[in-house]
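Below you'll find the structure, written out as structure tokens, and then a few comments.
The values are calculated or read from the model by the stated rules, or taken from the named source; none is laboratory data. All of these numbers come straight from a predicted model, not from anything done at the bench. Counting neighbours? That spans all protein chains shown, and the Cβs are built from the backbone with ideal geometry, glycine included. In case anyone asks, the SASA skips ligands and DNA or RNA and just uses the protein heavy atoms, side chains included. Shrake-Rupley method; radii C 1.70, N 1.55, O 1.52, S 1.80 Å.
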Amino acid sequence: MNWKLTKRKKATLVMIAVTIAVYLGMKYLLPLVIPFLAALFLARFMQPLIRKIRKKIKINSGLLAGIFLLIAGGLLFFLLFLLTEKLISQIVYLLNHLSLYESRLRNILYGCCCSLEDWIKIPAEQLQNIILENITVFIENLQVNLIPRIMNQSVNYIRIFVEILGVVLITVISTILIAKDFDKLKECNSKYIYYRYIQNLGHHLMAAGGSYLKAQLLIMTIIAVICTLGLLLLRNPYALLAGIGIGLLDALPVFGTGSVLIPWVIIELLRGNFFQAAILFTIYIICSCTREFLEPKLIGDKLGFPPIVIIITIYIGLKLFGITGVFLGPISLLLIGEIVREIFIHYNLSLKK
């Protein structure tokens, strides 16, 4: 058999094996080791500051790491508290005015039906009744099926909350322990041959994957801020709640800001509220242009893959891993690429003829 053909077959088998291994690792191993990976990242991130302080003050590295985590955790908790308080107040306001909004929605629906009456040749009242009947059936099904299911899962929600607290506690303790002996652990691991491969892999993943994650989180935050400010301009009482929701949807390739703003614009146009429609459409244009402008600037060519490939991996990630696939899909692609590259270099393999 031709040797080059054999090398190509080996290279193909390597790619298939690595892909399967990465999938299994992301699906089953990552949830087990993620607290320790997060602890390693935090300890490594804090090392430059810890070294600077230790040059001036002789203090235990683990104690310093604990102080940093306490300060950062306190600030994060304070910000989350303020944000949660605002969101809860808007949700309570919404619940207290449900009857008012139901009346308004009926008026909006009737206005939209009147606008469509001449187009579809169905009387406005008849069209409104058809829509209301379907909405009523949907709500009844929701109450019968979904709400009892949610109530039955309340124990599971408490269990999940306790598990999250446990993961946070393990991460904090692991971070302190790793930071305390960071240099010793690094020196000890550097004696093994696998350390160089893991180190190179980690550097490439941090450079590429870190850029992708930071870019997506930053863009999502900016989109949420733009939407919130735009809705505040319209004096919407749920500006923060809606802005954050639209920002989260924008991170999903299937949805985006248009899935909310475009239907909203159409409804306002049918109601004759051209100023509100213009503002909402402007928000949509700004959000779309912001993402189109920031993505190349923040991510650039660091991922090493065309945009269409990233979209495909996000879609596959959503199918394989659920909502976390938005991030795990591209990261898995990067991981596969880096592992395959290291193996190809080490064993002199190639897919080329």
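Laid out as a table, the results:
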quantity	calculated
Simple spin-label estimate for LEU32 and ILE67 in nanometres, 7 Å along Cα-Cβ	3.8 nm
Distance histogram in 10 Å bins (all Cα pairs of region 35-119, percent per bin)	14, 22, 16, 13, 12, 12, 8, 2, 0
Nitroxide proxy distance, nm - points 7 Å out along Cα→Cβ at HIS346 and ASP183	3.0 nm
Solvent-accessible area per residue, Å², over region 1-96 with all protein chains present [probe radius 1.4 Å]	75 Å²
Long-range Cα-Cα pairs in region 81-121 (distance over 16 Å), rounded percent	56 percent
Gain on full stretching of the segment that runs from PHE45 to SER288 - 0.36 nm per residue minus C-alpha separation	84.2 nm
Between region 222-282 and region 321-350, the alpha-carbon center distance in angstrom	37 Å
Mean-position separation - Cα centroids, region 163-178 and region 13-55, in angstrom	14 Å
Sum of side-chain charges, TYR284 neighbourhood, beta-carbon under 13 Å (Lys, Arg +1; Asp, Glu -1)	-2
Charge sum, other residues only, whose C-beta stays under 14 Å from ILE226's C-beta, Lys/Arg counted +1 and Asp/Glu -1	-1
Student exercise, region 7-57 dipole from Lys, Arg, Asp, Glu Cβ charges, in Debye to nearest 20	420 debye
Under 10 Å, Cβ to Cβ, from THR257 - net charge with Lys/Arg +1 and Asp/Glu -1	0
Segments 271-284, 216-229 sorted - mean Cβ within 10 Å per residue, highest first	216-229, 271-284
Accessible-area order (highest first, 1.4 angstrom probe) of the listed residues LYS121, LYS7	LYS121, LYS7
Share of carbon and sulfur in the accessible heavy-atom surface of region 1-120 [1.4 Å probe, %]	73 percent
